[in-house]
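Notes follow the structure.
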Amino acid sequence: MRDKELYAQILGIHKSWRVADVELKQPTGEVEVFVERKPGVQQTCPICGDASSGYDKRRRRWRHLDTCQYKTILVADVPRVQCKKHGVVMVKAPWAEPGSRFSVLFEALVINWLKEASTQAVSRQLELGWNAMDGIMRRAVKRGMARRASLDPKHIGVDETAFRKRHDYVTVVSDQDTGHVLHVAEDRKKTNLKAWYASLSGERIAAMESVSMDMWPAFINATLESIPGAEEKIAFDKFHVAKYLGEAVDKVRREEHKALMAEGR
Ligand SMILES: [Zn+2]
């Protein structure tokens, strides 16, 4: 039927699921969309991904985005599988987070409205109780944290950049892989860089594989004192190494020249 295809499309139903039926319930004016696993799709354990045999099914309902002003409910008999390692596990419905009674798209709608209006207003307009609102917000925070954790930089660069007058320096810490600026301090002191390192979790510190910098002692010391194994991780950038090497060679050359002059050659 046409409406099933339409719903499958607007619901973004995953390829291993299909819309079995759509019903407009009266007098509540709710649309119920029945979704089912396509037959013949290999069941896998949601934890380890191993092929598993079917165990049973559990009926679940999720509120989804309204269709034409009608409150829309997804209904599915979600299979539970028997995994050899993990026992009986419920398959993950691709349109919702585990434990939520709302589809991911509905939760996104709520979060977007919360950026525009008060919690009370959103709860009233979307007819959501406090527990529902709370759950949606908690899951959004958790997703945000997970995204941030995945942004943990592996290779950072610490630069001192002069601006305005010659001796006004700022410290800029950036992710060398993405170019994102992670931290800016209004000087190039050891204490400020150390404070930034101290604000990071142990895991983030441990995840850092290299810190490239110029040979400014404050940066070197802050890094040595904050990152375990920093001796192995600090990399001086080529430009500065070449500059210092050039200066060292020049100094030796001048001293030798002076010494030769003194010997009267
Ligand atoms: Zn498993």
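Of the residues in region 66-100, how many are surrounded by fewer than 17 Cβ atoms within 10 Å (Cβ to Cβ), outside any strand (DSSP E or B) and away from the ligand (no atom under 16 Å from the Cβ)?
Matching residues across region 66-100 total 4.
Please work out which one of (1) more than 16 Å from the ligand (Cβ to nearest atom); (2) more than 30 Å from the chain's Cα centre (by Cα) is the condition Gly54 fails and give its number.
Result: Gly54 passes all but (1).
Starting from region 77-106, take each residue that is touching a residue at least 24 places away in the same chain (Cβ under 8 Å) and list its partners that are within 9 Å of the ligand (Cβ to nearest atom) and of a type in the set (Asp, Glu), counting only C-beta distances under 8 angstrom and pairs at least six apart or across chains.
Cys83/Asp50; Lys84/Asp50; Lys85/Asp50
Conditions: (1) more than 10 Å from the ligand (Cβ to nearest atom); (2) assigned to a strand (DSSP E or B). Val41 meets all but one. Number of the miss?
So Val41 meets the others, but not (2).
Could you grab the pairs with beta carbons closer than 6 Å, sequence gap of 6+ or different chains, first residue in region 34-58 and free of Cβ contacts under 8 Å to residues at least 40 places away in the same chain and open to solvent by 60 Å² or more (accessible area, probe 1.4 Å), second one assigned to a loop (DSSP other than H, G, I, E, B) and away from the ligand (no atom under 16 Å from the Cβ)?
Final answer for the pair search is Lys38/Ser16.
The values are calculated or read from the model by the stated rules, or taken from the named source; none is laboratory data. As the structure is a prediction and not an experimental result, all values here were calculated from the model. Neighbour counts run over all protein chains shown; Cβ positions are idealised from the backbone, glycine included. SASA here: full protein model, heavy atoms, side chains in, ligands and nucleic acids out. Shrake-Rupley method; radii C 1.70, N 1.55, O 1.52, S 1.80 Å.
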